[in-house]
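The structure appears right after this line, and notes come after that.
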Amino acid sequence: MDFKLNMQQELLKKTVRQFAEEEIAPLVDEMERNDQTPPELVRKMGEQGFFGVTAPLEYGGTGMGHVDRVIMLEEIARISAAIAMSLQVLQIGVGMMMEMGTSEQKNRYSPALAQGKILITPAFTESSGGSDLEGMSTKASDKGEYYCINGRKVFITNSHIADAVIIIAKHEETKKFGAFLVEKGEKGFRPGRIEKKMGLFGCYNGEIILDNCQAPKENLFGEKGRGLSAALRGISNYGRTGMAASALGLMQASLEAAVKFAQERTLYGKAISNLAPIQFKIAEIYAELEASRLMSYYAAWLVEQGSKRSDTQTAAAKFFATEASLRCTRKTMDIYGAYSCIKDYPVERYYRDAQLLISADGTSDIKRIIVGRNLTAKKN
Amino acid sequence: MHVAVCVKMVPAPGQWSRIVFRDDGSLQREGIELIINPVDRNALEEALKIRQARGGTVAVFSMGPPSCLEHLREALAMGADRAFLLSDRNFAGADTLATSRALAAGIKKEMPGFDLVLCGSASIDSGTAQVGPQLAAYLGAAHLTEAFSISVGEQNCFQVRTAGSHGYFVTDLRKPAVISVTKQLNKPRIPTLFDIMASCNKEIIILSSAELSLPKSESGLEGSPTKVRELFFSPARRLARILEGSMEDRVEELLRQPGVAGVLK
């Protein structure tokens, strides 16, 4: 068993860290103020190849794997979980296109999609929730030359920067779910309100409104009536590992902030890093981070291998890592004491951002249900 | 245009508290996170720009243990065509003179028709700024230090701008040349993911002292005239002094302080 990153992964980690520190870090304060994703940053990330990290070379991607993707997202989340969140969801769009898109669709959107020149975001969740996909009420009606789609999608990440969305809607004729690619210029398509979140500022989250929206027939995504399984695969293979990676970045940032502050802050004439309660907290953050990292890398590796166990592992990694990130960021706040509540320090941002990771892409409880159901199904 | 770039692996700034010196005064690099000396990246960036404008090749040269290979991979990801690591036990403990001699031998062997050698003006660990000029001497090339602008002239020369105390100098430098550069020269690129993938197919060649025909007496510690007699920390102290008297007296006294007069001149 070799736990060492290979040379390419080491270089990837170092390079993305450098990009995050030089290109993203200077924008964080502004994002905290205006809650907007900087378009110039999106362009730069596209040039770097971040969107097409797992896309094949022939479609303009880099041909890297899912473990590489997790390494990359962790480094971005270490500086900005908001940007990691935005990026990882757009990568779901790329991944779904590569896995489900017809060759005509892939050729139409490549290589621009992998290069971030066209942004496609998945839009599954409705007001009834995101996890009960069967309960979705958005409908698509076959009008001969086009599908007429009606419905309202909510909590859609990148809702206001995406050039196109992947909609899951029920075929009125067959009552089965289909996936549809809808471009923002289509008649009847419009982004709705932008949600005012408690964190992840810089990552848009809002509504997509489909009011007699006309999607061309050739925009049916994947096989007719297989949209739901496609959505679940996208969430499982990309969404959960992306969320876990974002949590890793937050924990790494928290650990670094905790150690630095503990070494610099003095109490009774000594640095507080000498105090056992502070050391305990730092040790716990470290242990939770390392456990989460192993789980997440392993989950991504299973996805890469096409293993059937990946569904269980990605769900477990998602809920464990995101919950751990909330515990760790809270401990870092405790170490900072009163300073933790001041916006001059980044730790309160880490804490707010961590809370948002818990519910996104399926709550922890839903993920527990998936893990429990898979494990008990095997036993029975 | 064939450009050689010399890069040095130095401890990352956050690692300085972990630096340990051996009994002979040399720095123990094992177990310390290393990076490419920051200003050497500017040298590489300039070489890549020159290649983009004029064609040719860019080769990177470094001296160090095999752990430096991963950093040379980074240089390849930035866009260098080839990389050479001078790595051999005989090279260990080299001072700037022995390092320059070895690098010059490597460049002569692997890039005999070079037009330009670029290196950073100084390293962040030892900061002697000696390798560039010594390298030029060994290569028999013209040289300039502290360049903040380089343009390739039409008539076999480089037009180089270097900082002076009251402005800057513009110098035409004939090929082949060695130029030490400053951070003001450019902003080094960050490799893309595509560059990283491409770098994995590029070769890094390890050169030994024997391959460079360098005898042990001219390599490493044995070939180094510099001997470290003593190492000590020189703590920086801040001086706080309240000046007394009238405003005129205080200003006069202030201007007499070392350094202040120069600043206000």
Could you tell me how many degrees, from 0 to 90 and to the nearest 10, lie between the Cα long axis of helix A:347-359 and the main elongation axis, the longest principal axis, of the Cα atoms of chain A? 40
Theoretical ellipticity at 222 nm over chain A - DSSP helices of four or more residues, -39500 (n - 2.57) apiece, nearest 500: -16500 deg cm²/dmol
Which percent of Cα pairs goes in each bin when the distances of the protein assembly as shown are cut into 10 angstrom slices starting at zero? 3, 14, 20, 21, 18, 13, 7, 3, 1, 0
Calculate, for B:C157 and A:E22, the FRET efficiency according to 1/(1 + (r/R0)^6) with r their C-beta to C-beta distance and R0 41 Å; round to the nearest 0.05. 0.75
Separation between the A:E284 and A:R190 pseudo-spin-labels, each 7 Å from Cα along Cα→Cβ, expressed in nm? 5.0
Under 13 Å from the Cβ of B:K49, count the other residues' Cβ atoms, weight Lys and Arg +1, Asp and Glu -1, and hand me the total. +3
Per-residue average of Cβ from other chains inside 10 Å of A:46-54: 3
Please check: in the Gaussian network model of chain A (C-alpha springs, under 10 Å), which one of A:G52, A:G101, A:G306 has the largest mean-square fluctuation. A:G306
Any chance you could get the radius of gyration and Dmax over the Cα atoms of chain A, in Å? 20.9, 79
Per DSSP, loop GluC sites (Glu not before Pro) in the stretch B:110-206 with at most 10 further Cβ within 10 Å: B:E154, B:E203
Along the positive direction of the dipole of chain A (beta-carbon charges: Lys, Arg +1; Asp, Glu -1; about the Cα centre), which of A:V28, A:G60, A:F221 reaches farthest? A:F221
Would you mind giving the mean number of other chain beta-carbons within 10 Å of the Cβ of each residue in B:185-194, as a whole number? 6
Please list, or write none, the lysines whose alpha carbon is within less than 27 Å of the alpha carbon of B:K216, excluding same-chain residues fewer than 8 places away. B:K8, B:K108, B:K109, B:K227
Lysines with Cα under 19 Å of A:K318, excluding same-chain neighbours fewer than 8 positions away: A:K308, A:K367
Based solely on its DSSP helices, what 222 nm [θ] is calculated for chain B when runs of n ≥ 4 H residues each add -39,500 (n - 2.57) and the sum is averaged over all residues, nearest 500 deg cm²/dmol? -8000 deg cm²/dmol
So what's the net charge close to B:G25: Lys and Arg +1, Asp and Glu -1, counting the other residues with Cβ under 12 Å from its Cβ? -1
Nearest 5 is fine: what % of DSSP beta bridges in the stretch B:2-218 come out antiparallel, could you say? 40
Quick calc, the stretch B:2-218, dipole around Cα centre from Cβ unit charges on Lys, Arg (+) and Asp, Glu (-), nearest 20 debye, gives 320
Return a single number: how many Lys pairs in the stretch A:120-225, at a sequence separation of 8 or more or on separate chains, have alpha-carbon atoms below 13 angstrom apart. 8
Size of charge dipole - the protein assembly as shown - debye, nearest 20, with Cβ of Lys, Arg +1 and Asp, Glu -1, no other charges: 880
Could you give the distance between the Cα centres of the stretch A:214-234 and the stretch B:7-29, to the whole Å? 57
Rounded to the nearest 5, what % of DSSP beta bridges with both residues in chain A are antiparallel? 85
Averaged over residues of A:7-13, the number of beta carbons from other chains lying within 10 Å of each residue's Cβ is 5
Suppose R0 equals 45 Å. What FRET efficiency, 1/(1 + (r/R0)^6) with r the Cβ-Cβ distance, do A:K224 and A:E47 give to the nearest 0.05? 0.80
Angle, helix A:276-305 long axis vs. longest principal axis of chain A, Cα atoms, 0 to 90°, nearest 10? 30
Quick one: if you stick a label point 7 Å off each Cα along the C-beta vector at B:R256 and A:R373, how many nm between them? 8.6
If you restrict to DSSP beta bridges whose two residues both lie in the protein assembly as shown, what percentage is antiparallel, to the nearest 5? 60
Shape category assigned to the stretch A:176-262 from the gyration tensor of Cα positions, a/c cut at 1.5: oblate
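Read the figures in this text as sums done on the coordinates, not as results from a lab. For clarity, every value in this text was computed on a predicted model and none was experimentally measured. In this analysis, Cβ positions are derived from the backbone assuming ideal geometry, glycine residues included, and neighbour counts consider all displayed protein chains.
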